[in-house]
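In what follows, a structure is listed as structure tokens, so that the remarks can point back to it.
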Amino acid sequence: MQEGVISESNLASFEELFENYVAATPLTKREKAQKIMGQLDTWCGKLEGIREVYDKVPDLTEAGIFKDSPWEHPGKLIPQLVNGTYKSGHPNSTIELLSELRMLAILEGNIAGSAAQKEEADSYLQEVLVYNLEFVFNEPQEETRLVMSEHELNKVHALFQFILEKIELSKVKSKLVEELTLICEQRPVVTEKQRRIIALVKEKIELNPEHPADMELLAFQRAIYKPSPSTDGKDHVSYGKLLQTMSIASLEKEAKAMGDSMLQFGLVSTYQATLLLHLVNKEYHELIPVCLGLNPTGVARFNEFKDFVCYLIVQVIHPFNAQCIFGLAKMLENGIISREAVRSGLYNLCKITIHPEVTNRILKSTRTPHEKVSPKQYLIGALLRILGQPLGVGQGNNPTCQSARGISMWSQHAPAKLIHMVQTAAVHNDLSFRFEGQEISYSTTVAGLVQNLDHHLDAVSVTLVPMLDRVYNEMMRRATGRGEDPHKWANPGLYGQWIQIGFASAYDYLSNAIVDFDGFIRVFYAMCHPQFNGGHRLVYPNPVGIFITSAKGEMLGFHAVSLLRVEEDPSGNVRAYFLNPNNEGRQDWGQEIKPSVYGNGEIHGESSLPLYQFAARVYAFHYNNLEASSNMDKIPQAEVEKVKKIAKDSWGKSYTWLEIKKQW
Amino acid sequence: MGWSLPVIESMQKLNKPYVVVSYPDFEGYAKENNIPFVSYQFNEWSDSSNSLDLKEKLDAFGADVAVPLFEETVEWAGALNSLYRDDPRVLNRAFLFRNKAMMKRKALIGGLRVGLFEEVYNKEGVKNFMKRLNQANLQVDGEEDSWVHIKPFASAGTVGHRLLRSQADVDSKCQDEDFPCLAESHLPGKEFSCEAFIHGGKIRFMNITEYVKLGYSNFIPEGNHLHSKRDRILKEMQKLVDLFGIQYGMIHPEWFLTENDELSFGEVACRIPGGHILELCGQAYGFDALGAFVLCHDPDLSEDELQQILPPLDARPETFYGNVMIYPHKNQISKLIIPEELKEESYFLDHNLVPPLSSQKISDREGFGNHFGTVNFKGSDPDRMTELLLHYENVDFYH
């Protein structure tokens, strides 16, 4: 059998099943339809398979495959429901897939329909596509990853690839703007997703600069394809030639335009790298901070470490490794460049030879590596981005929230340690940690949570995460069997001495139940709520374990986030601001709990929730055991009850609850 | 007698007058879909619920043949047919199918090869049976016990069937509610079943179903080795038909074929076999097997009709149809995952597996009853089919 093609015998099997279906009376039609679905389901993992299925859709529709089902009338379908149906798996997902293909067949005239029906089908498909960008780009959300099998993911990805080839996106402009805003406001380290959407828009939609709705999309376009008027119609090479002829005044204009453009969405174009390298080569040092869009603090730091920064720019930056310019700029502003250890670490990194295994991982994560950019440049570039945007670190499509959380924490509070870790890992493809007086190294431990690393990550993460994941897993293994949640010891073991000694868990290992949830919530509030903890701020990120729940509030699994700060938001509500390494802007945890990523006082990269809602999903956190218990009684019982009710009505249904009191 | 949509569909397509007798639960559906229906409590037998009463209800439909679709309806159909044919022995014959000890005795008298068997009433009885079997097998000290099977007298297929490999097994595997039941010696050999369609006391069509693993997988028609024994099997089958005095309908006995070509009789049923056998049989031979099953019960069926509905007695299809029943291998499951290899498998025909309800605990298996669905295959090579079925029995579909 040829790779990727449905075999003759499977096609014949379909014909046989289809004949049986057509011959069946209403009594057994449903059962026969189920069999057809079983066969078709196996075709759908690949684009070729979808194509075959698409060819069969008119016959299947004609034969009544949708009859007496919720999919019977194309005009009555609701785009918002599609995502949930895909998550429910086969056979529903297979019928849903057929339903989308029927819409496409109506649109393309393969199934007869009026002009109005075609119009409807077009709008429907466009909306479905926008609501399912996670499938279009194969970057599933946390919930999706937990509930969908690999085959189901491949299936919907192939379907949306197929649909995308055939439709336009002109009717969903405002939704695309919203989607891009949600992503860009988080300033993620990996910018592939927004770049793909922007490229998609460029390809699919004719934008009119006069039209207000189009202007926002054009702004995103400009950030990548035309950051300054002089780049119009040029690639970065001819732009580079143009720069050679420019006066200082014109160059300053260019630098200003580039800096502003970058700050708008956190996106860097190839032109900006060209310009920056030109400025460094020509030693126009006063224009470099302008090109980097620096604030006064950043400018001061640049001036202080001018030679070193210019050295880094020459070593690392290239038009095809340009995004790290944003990281570099933010790094100058946040001040870690002032540390001697950081500068030395970065300098050393420029001298290393990377282990071939690590080189492979880096090149794989880059997708389309450019021959002029070395793996080391990609690695250091990614490191600059992480050091500049610690809250932009993501886990990609991997269950490695713990590792991502660590990288983010180190980049803020132990940047030199992080750089050194990257260096060791990159050179030796190995990493060691001290844990309770013993050494744990990557090379001598067994597999962790990640079986197949999804390389949809930055170059630092692909270097470190496989190791961190295994080391953490080994720490968890060694700390298991102590009658308490092993995270209590593994968290400080991996992350370091910043982690508080006290550890609170809602779940009690010995009684296999949720024990003294009231006390748990009181300790939580006493730890972080400024009204009850003596008006203190949180100092270091607190590694928090949360329950992931579906949009219906049902328990799905566990997830690791970092609680960063608890403060009043602009409208005066106390909110929890946290790092969610899965970088998802459109989350719905059920019970109206929808973390926001901007508009409620978030710093780029933070997610936030009203504190009581966040508390209602927490199951473990660290605290100062000498401090919290004295504040516990200050928390009003009504607040505790409010949190408890939300918890009990959602994930709490999966557990036994014991009301006995516990010593905290 | 019994509710089966595919059978009702066959009757509609054949344009034969029929009426379905089943539990009151199905009455609503029947009414909605214009299916002639008589509601009856098969599990109640009393002054007001009996075959005479049922016959009266059926007379309104002009019924003159009763066809049992499921094990529980075999006596009811036997009783009605006794009345229709005015022959009390028809009912007794139905009892023969419902009591495995009686069935074996009848087979033994008629000269069929059967295992050693006995009715047992408690664990002690099974142990004594095993002891006598050990003696007969000339067991020496330290040798393993002879295997013993126990089966309820009247359950379908593998429900309540237990294999006991030692005296200790008797204590650990047998429950008090198993008794009384039939104990029998283990029959060695390859197991297969036959589906013989009988009219006027003669076998008019015979299918052989090759069991790859009992309760898990089978395919039709039989593989090449079994096929080479077909004539002998047909002879033994006709012997069984004559011995049991079966005039009309279909029987589904299970046989064992040893390496020395000896055939042993296992047991026999006269309702629709499990394991989707008639479905496979219909696909392989290209006929309406369920329709044929029903029609063969009718003494008034003409020779023409008979020939029209049944394949020739010597038919040998070139395409083999097989299935494997899928059971979860874990106690807790949350996902259905169709293995990649199945998607690439050119013999794959279809499946009807559905994902579990969120996180589902699996209760212990009773018989082989609770499979989660079936995966069907078709292809031209019986050896490849055997391999595939054996393989997929051990593949995890539920995680």
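For the range B:1-28, enumerate the residues that are more than 13 Å from chain A (Cβ to nearest Cβ) and among the acidic types (Asp, Glu).
Those that are more than 13 Å from chain A (Cβ to nearest Cβ) and among the acidic types (Asp, Glu): B:Asp25, B:Glu27.
B:Val38 - would you say it is under 28 Å from B:Ile277 (Cβ atoms) and in contact with a strand residue (DSSP E or B) (Cβ under 6 Å, 6 or more places away or on another chain)?
yes
I'd like to check which helices (runs of 4 or more DSSP H) are fully inside the range A:389-497 and have at least 3 residues that are over 22 Å from the mean Cα position of the chain (by Cα).
Ranges flagged: A:415-428, A:459-479, A:487-495.
Condition check ((1) part of a loop (DSSP other than H, G, I, E, B); (2) over 20 Å from B:Val114 (Cβ atoms); (3) open to solvent by 30 Å² or more (accessible area, probe 1.4 Å)) across all residues:
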{"residue": "B:Asp141", "(1), (2), (3)": "yes, yes, yes"}
{"residue": "B:Ile150", "(1), (2), (3)": "no, no, no"}
{"residue": "B:Val159", "(1), (2), (3)": "yes, yes, yes"}
{"residue": "B:Asp171", "(1), (2), (3)": "no, yes, yes"}
{"residue": "B:Glu177", "(1), (2), (3)": "no, yes, yes"}
{"residue": "B:Glu184", "(1), (2), (3)": "no, no, no"}
{"residue": "B:Pro188", "(1), (2), (3)": "yes, no, yes"}
{"residue": "B:Glu191", "(1), (2), (3)": "no, no, yes"}
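With the checklist (1) within 11 Å of chain B (Cβ to nearest Cβ); (2) farther than 27 Å from B:Ile337 by Cβ in hand, flag the one item A:Glu31 doesn't pass.
(2)
Which of (1) more than 8 Å from chain A (Cβ to nearest Cβ); (2) touching a strand residue (DSSP E or B) at 6+ places or on another chain (Cβ under 6 Å) is the odd one out, the single condition B:Arg316 does not satisfy?
Going through the list (1) more than 8 Å from chain A (Cβ to nearest Cβ); (2) touching a strand residue (DSSP E or B) at 6+ places or on another chain (Cβ under 6 Å), B:Arg316 breaks only (2).
Among the listed residues A:Leu464, A:Leu468, A:Leu449, A:Leu510, identify the single one that is open to solvent by 10 Å² or more (accessible area, probe 1.4 Å) and out of contact with any Pro (no Cβ under 6 Å at 6 or more places or on another chain).
Just one listed residue meets the conditions, A:Leu510.
Can A:Lys372 be described as farther than 20 Å from A:Asn321 by Cβ, open to solvent by 60 Å² or more (accessible area, probe 1.4 Å), more than 19 Å from the chain's Cα centre (by Cα) and not small (Gly, Ala, Ser)?
No, not satisfied.
Note down all Cβ pairs under 6 Å where the first residue falls in the range A:273-292 and is not assigned by TED's automatic domain parsing to the domain that holds A:Gln315 and of a type in the set (Val, Ile, Thr), the second is surrounded by 21 or more Cβ atoms within 10 Å (Cβ to Cβ) and assigned to a helix (DSSP H, G or I), and they're at least six residues apart or on different chains.
Once the first residue is not assigned by TED's automatic domain parsing to the domain that holds A:Gln315 and of a type in the set (Val, Ile, Thr) and sits in the range A:273-292, no partner that is surrounded by 21 or more Cβ atoms within 10 Å (Cβ to Cβ) and assigned to a helix (DSSP H, G or I) comes close enough.
Using beta carbons and a limit of 7 Å, which pairs, at least six apart or on different chains, have the first residue in the range A:140-154 and more than 9 Å from chain B (Cβ to nearest Cβ) and the second one part of a helix (DSSP H, G or I) and of a type in the set (D, E, K, R)?
The qualifying pairs are A:Pro140/A:Glu134; A:Gln141/A:Glu134; A:Thr144/A:Lys87; A:Thr144/A:Glu134.
Considering the range A:539-548 alone, what residues qualify as being assigned to a loop (DSSP other than H, G, I, E, B) and either touching a residue at least 60 places away in the same chain (Cβ under 8 Å) or not assigned by TED's automatic domain parsing to the domain that holds A:Val523 (or both)?
Once the filter is applied, which keeps residues that are assigned to a loop (DSSP other than H, G, I, E, B) and either touching a residue at least 60 places away in the same chain (Cβ under 8 Å) or not assigned by TED's automatic domain parsing to the domain that holds A:Val523 (or both), the range A:539-548 yields A:Tyr540, A:Pro541.
Kindly indicate which of B:Ser155, B:Ser146 is polar (S, T, N, Q), at pLDDT 90 or above, under 24 Å from B:Leu257 (Cα atoms) and in a loop (DSSP other than H, G, I, E, B).
Only one candidate qualifies: B:Ser146.
Considering each residue of the range A:1-23, count those that are facing another protein chain (nearest Cβ under 7 Å), surrounded by 19 or more Cβ atoms within 10 Å (Cβ to Cβ) and aliphatic (A, V, I, L, M), and give that number.
1
Could you grab me the full set of residues in the range A:589-601 that are in contact (Cβ under 8 Å) with a residue 40 or more places away in the chain and under 17 Å from the mean Cα position of the chain (by Cα)?
A:Trp589, A:Val597, A:Tyr598
Take A:Glu203 and decide whether it is of a type in the set (Asp, Glu), open to solvent by 70 Å² or more (accessible area, probe 1.4 Å) and either touching a Lys or Arg at 6+ places or on another chain (Cβ under 7 Å) or not assigned by TED's automatic domain parsing to the domain that holds A:Ala105 (or both).
Criteria met by A:Glu203.
Just checking, which of A:Ala551, A:Ala526, A:Ala616, A:Ala504 is without any contact (Cβ under 8 Å) to a residue 40 or more places away in the chain and small (Gly, Ala, Ser)?
A:Ala616
Can you tell me how many residues within the range A:514-547 are among the aliphatic types (A, V, I, L, M) and closer than 21 Å to A:Glu606 by Cβ?
The total comes to 5.
The values are calculated or read from the model by the stated rules, or taken from the named source; none is laboratory data. Since we're looking at a predicted model, the values are computed, not measured. Note: ideal-geometry Cβ built from the backbone for every residue, glycine included; neighbour counts use all protein chains shown. We work out accessible area using only protein heavy atoms, side chains counted, and drop any ligands, DNA or RNA first. Shrake-Rupley method; radii C 1.70, N 1.55, O 1.52, S 1.80 Å.
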